[in-house]
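Engineer: Have a look at the structure that comes next, please.
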Amino acid sequence: MTYAYHRMFRILPTYRWWKPLLAALLGLVLYLVMSVFIWQLGLLETVRAIGGNAAATDLAKAVSKDQQNASNPLVMLYTLGSLATMLPAVVLAVRITGLGSFGRLMSVRGRVRWRWLARCILPGVVYMVLQIGLGALVPASWQGAASSEQAASTPPLALAASIVIIVLLVPFQAAGEEFAFRGFGMQALGSWVRWPVVAILVPTVGFAFAHAYNPWGKLDVAVLGVAFAYLTWRTGGLEAGVVAHVVNNVVVFVLAAPFVTSTQSDGSPIGAAITLVASGAYVLMVVGLARRHRPERVAPASVVDEPLGVVHRSGPPASGVGGAS
């Protein structure tokens, strides 16, 4: 018997229906402790210790005005760093509740499939070129983007600092969201409901509402969420979603960093349509690669977790295709 990615929790002999609920609650608590009480408050107190109360107050105001202000390196450090704590929070919650390891959330192989991840990079770049190219044909104001025409230029040192922070932290921020919504979210729903469409759509709703955008912006995010979730199920792992998520966020933030804006970008019908076309193209490219290279889509029932989180199979490797439960 084999199990599709969203059914991976059901392989565990110690699985109980209530464990995903306990893991979700524990993960939320760990995330709040790590992101709010350790990272955010820790950063504010560090800024206060170095620059005084005025500097800490300025940072708090900047964050409250626009948490995605890429021209301010401290805002980027605050926002991306706190979101990145989602990754250890999810992994620890799953481990503590006996639902497996980092590898079990990553793929049906129980690890990062580095070759498959590398193959997704070129489609990820093409996806972003499409996103930017289509966006260039439409005025930024029609896409809900903050206008940069009247914006001041970011000081060179602040720009360099922001870009370094973006490049270093976005991979962890994006991976954290993928592990939370596509990893844990899909496997938790899949442990209760066999149909993959439920595991794909329900966590996507949470993913969309976790972003503070207007309804069109949430729809835009939901389109990406469905695309990444479908590819997670179709390819048996998070690699394709992580690659596109990282490429998307790095490019978006880096392109925004040179301009000091006073308002946060929001969504629009045109922006959502562009995302639908670009993400649809990414899905088609990755599915085409999957047909050629056949990454494993299912895991055998013999997969068990070793004490150090290494996944071991007592039987033969699972086929790249076949009857998934």
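The values are calculated or read from the model by the stated rules, or taken from the named source; none is laboratory data. Just so you know, these numbers come straight off a predicted model, no measurement behind them. For neighbour counting, all protein chains shown are included, and Cβ atoms are generated from backbone atoms with ideal geometry for every residue, glycine included. For the accessible areas, the whole protein counts, side chains as well, though only heavy atoms, and no ligand, DNA or RNA atoms are used. Shrake-Rupley method; radii C 1.70, N 1.55, O 1.52, S 1.80 Å.
Engineer: Among V112, I50, A160, which residue has its Cα positioned farthest towards the positive end of the charge dipole of the chain, with +1 placed on the Cβ of Lys and Arg, -1 on the Cβ of Asp and Glu, and the dipole taken about the Cα centre?
Structural biologist: V112
Engineer: At a 1.4 Å probe, what is the % contribution of carbon and sulfur to the accessible area of the chain?
Structural biologist: Solvent-exposed carbon and sulfur of the chain make up 71 percent of the total.
Engineer: When the Cα centres of segment 161-189 and segment 230-275 are compared, how far apart do they sit, in Å?
Structural biologist: First find each Cα centre; the distance between them is then 12 Å.
Engineer: What number comes out for accessible area per residue over the chain if the probe is 1.4 Å? Units Å², please.
Structural biologist: Working: 15170 Å² over 325 residues.
It amounts to 47 Å² per residue over the chain.
Engineer: Run the quick spin-label model on V167 and R292: label points 7 Å from Cα toward the beta carbon, then report their separation in nm to one decimal.
Structural biologist: 2.9 nm
Engineer: May I ask you to list the lysines whose Cα is less than 27 Å away from that of K218, ignoring any residue fewer than eight positions away on the same chain?
Structural biologist: By straight Cα distance, K218 reaches K61, K65.
Engineer: Counting chymotrypsin sites (Phe, Trp or Tyr not before Pro) as exposed when in a DSSP loop with at most 10 other beta carbons within 10 Å, what is the longest stretch of the chain free of them?
Structural biologist: By the stated rule (loop sites, at most 10 other Cβ atoms within 10 Å), 19-325.
Engineer: Next up: Which value, in debye to the nearest 20, gives the size of the charge dipole of the chain about its Cα centre, when Lys and Arg are +1 and Asp and Glu are -1 at the Cβ? Write out the running numbers ahead of the final one.
Structural biologist: Details: 23 positive and 12 negative charges, 280 e Å.
For this selection, approximately 1340 debye.
Engineer: From Cα pairs below 8 angstrom and at least 6 apart in sequence, can you work out the relative contact order of the chain, rounded to a whole percent?
Structural biologist: On the way: 523 pairs, mean separation 99.7, N = 325.
For the chain, the relative contact order is 31 percent.
Engineer: Specify the residue with the greatest mean-square fluctuation among L43, L284, L83, computed from a Gaussian network of the chain linking alpha-carbon atoms under 10 Å apart.
Structural biologist: L284
Engineer: Also, I was wondering about something else. Can you give me the angle between helix 239-256 and the longest principal axis of the chain, using Cα atoms only, in degrees from 0 to 90, rounded to the nearest 10?
Structural biologist: 0 degrees
Engineer: Still on this structure, please answer the following. Using the alpha-carbon atoms, what tilt in degrees (0 to 90, nearest 10) does helix 19-32 show relative to the longest principal axis of the chain?
Structural biologist: The helix 19-32 is inclined about 20 degrees to the chain.
Engineer: Which distance in Å, rounded to a whole number, links the C-alpha centroids of segment 22-50 and segment 78-99?
Structural biologist: For segment 22-50 versus segment 78-99, the Cα centre distance is 11 Å.
Engineer: Might you work out the accessible area of H211 for me, using a 1.4 Å probe with all protein chains in place, and round it to the nearest 10 Å²?
Structural biologist: The value for H211 is about 40 Å².
Engineer: What is the helix-to-structure angle for 86-96, meaning the angle in degrees between its Cα long axis and the longest Cα principal axis of the chain, kept from 0 to 90 and rounded to the nearest 10?
Structural biologist: Approximately 30 degrees, to the nearest ten.
Engineer: With each run of n ≥ 4 DSSP H residues scored as -39500 (n - 2.57), what mean residue ellipticity at 222 nm is computed for the chain after dividing by its residue count and rounding to the nearest 500 deg cm²/dmol?
Structural biologist: -19500 deg cm²/dmol
Engineer: With springs only between Cα atoms under 10 Å apart, run a GNM on the chain and tell me which of A222, A175, A210 wobbles the most.
Structural biologist: A210
Engineer: On to the next question. At each listed q (0.06, 0.11 Å⁻¹), what is the log10 of I(q)/I(0) that the Debye formula gives for the chain modelled as equal alpha-carbon point scatterers?
Structural biologist: Summing over Cα pairs of the chain leads to -0.22, -0.71.
Engineer: Mind checking which of K218, K19, K61 has the largest fluctuation in a GNM of the chain, springs on alpha carbons under 10 Å?
Structural biologist: Checking each option, the largest mean-square fluctuation is seen for K61.
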